Amino acid sequence: MKKNNLLEIAKKASLAALESLELNKDKELKSSYDVDLIREMKSEIDIINNNKILNVLKKTGIPILSEENIKEIDHSEYCWIVDPLDGTVNYIRNIASCGISIALFKNSKPIFGVIAEYPDKNLYWGGKEFGAFRNGVPIKVSKISNKKEAILCTGFPARYDFDELDDTQLFREYAKIRMLGSASISLVNLAKGSVDCYLEKNIMIWDIAAGIALLEGAGGEYKIQNLKFLSPLNLIAHNGILNI
């Protein structure tokens, strides 16, 4: 199947999950914090969205790695990487934007990513071979090159080890720091030029897979330390002209 066709399938799956978020927004959804990962909220909406997405993607015959269906896959071939709801706390508590994240990878590299933003209902997609778009309109990273004028997005994911907090000196280098509660939405803001850099430690591949593809399409760059699909990752991403 051609990449453009697979992109359209990913968009379809994202929009189905976006509709699910809208349909369930006023319902009393069962939610709780994980017993082992105590700062990780899970809700039945994660499962609902996961089923919506997988019902579409599984027709392609390409292996799927989802946050809600974690399994080892051969990422030397094509694979889907899915986060059915990135920012569950934002959605459940009605705090800020959350995202639906679907990426196609091959050889551990992103081909394209699709991110559906809720509640604004924007659809983003892109990749190195595709460019980057919001609702069909091209987007680009910022042109800010001075950290003292730049905005850094970051966060402390559920797996973050606060005993090893060593980023405060780095934070001082930037004009402003923002935490949005969703890695995919942070990367969307980087890709469209609203922020200039994104840093997060101990994050999982499904949180960032679509976002880094979108970022490459928008002209940005990223670096991941020790890419292993089922292990926490350290990511630094930027507009490509900041001195990182």
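Rule-based calculations on the coordinates, nothing more; no lab input. Bear in mind the structure is a predicted one, so any value in this text is a computation, not a measurement. Glycine gets a Cβ as well: all are built from the backbone with ideal geometry, and neighbour counts include every protein chain shown.
Quick one: if you take sqrt(5λ) for each eigenvalue of the C-alpha gyration tensor of segment 3-138, what semi-axes come out, biggest first, whole angstrom?
On the way: eigenvalues 119, 67, 32 Å².
Equivalent-ellipsoid dimensions as semi-axes: 24, 18, 13 Å.
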*So for segment 147-238, taking the charge dipole from beta-carbon charges (+1 Lys/Arg, -1 Asp/Glu), which of TYR174, ASN202, GLY219 sits furthest toward the positive end?*
GLY219
*So which trypsin sites (Lys or Arg not before Pro) in segment 165-244 end up in coil per DSSP with only 10 or fewer other C-beta atoms within 10 Å?*
ARG172
*At 222 nm, what helix-only mean residue ellipticity would the chain give, in deg cm²/dmol to the nearest 500, using -39500 (n - 2.57) for each DSSP H run of four or more?*
-8500 deg cm²/dmol
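For segment 38-94, what ratio Rg/Rh do Cα atoms give with a Kirkwood hydrodynamic radius? Don't skip to the answer; put the middle values down first.
Details: Rg = 12.6 Å, Rh = 12.3 Å.
Radius of gyration relative to Kirkwood radius: 1.02.
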*What's the local net charge at ALA13, with K and R +1, D and E -1, over the other residues with C-beta under 14 Å away?*
+1
_Evaluated over segment 147-238, the Cα radius of gyration and Dmax, each in Å_ = 12.3, 36
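Convex hull over the Cα atoms of segment 88-244, averaged projected area in nm²?
Working: hull surface 35.6 nm².
Average projection, Cα convex hull of segment 88-244: 8.9 nm².
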*asked:* At 7 Å along Cα-to-Cβ for each site, give me the label-to-label distance between GLU44 and ASN146 in nm.
replied: 5.4 nm
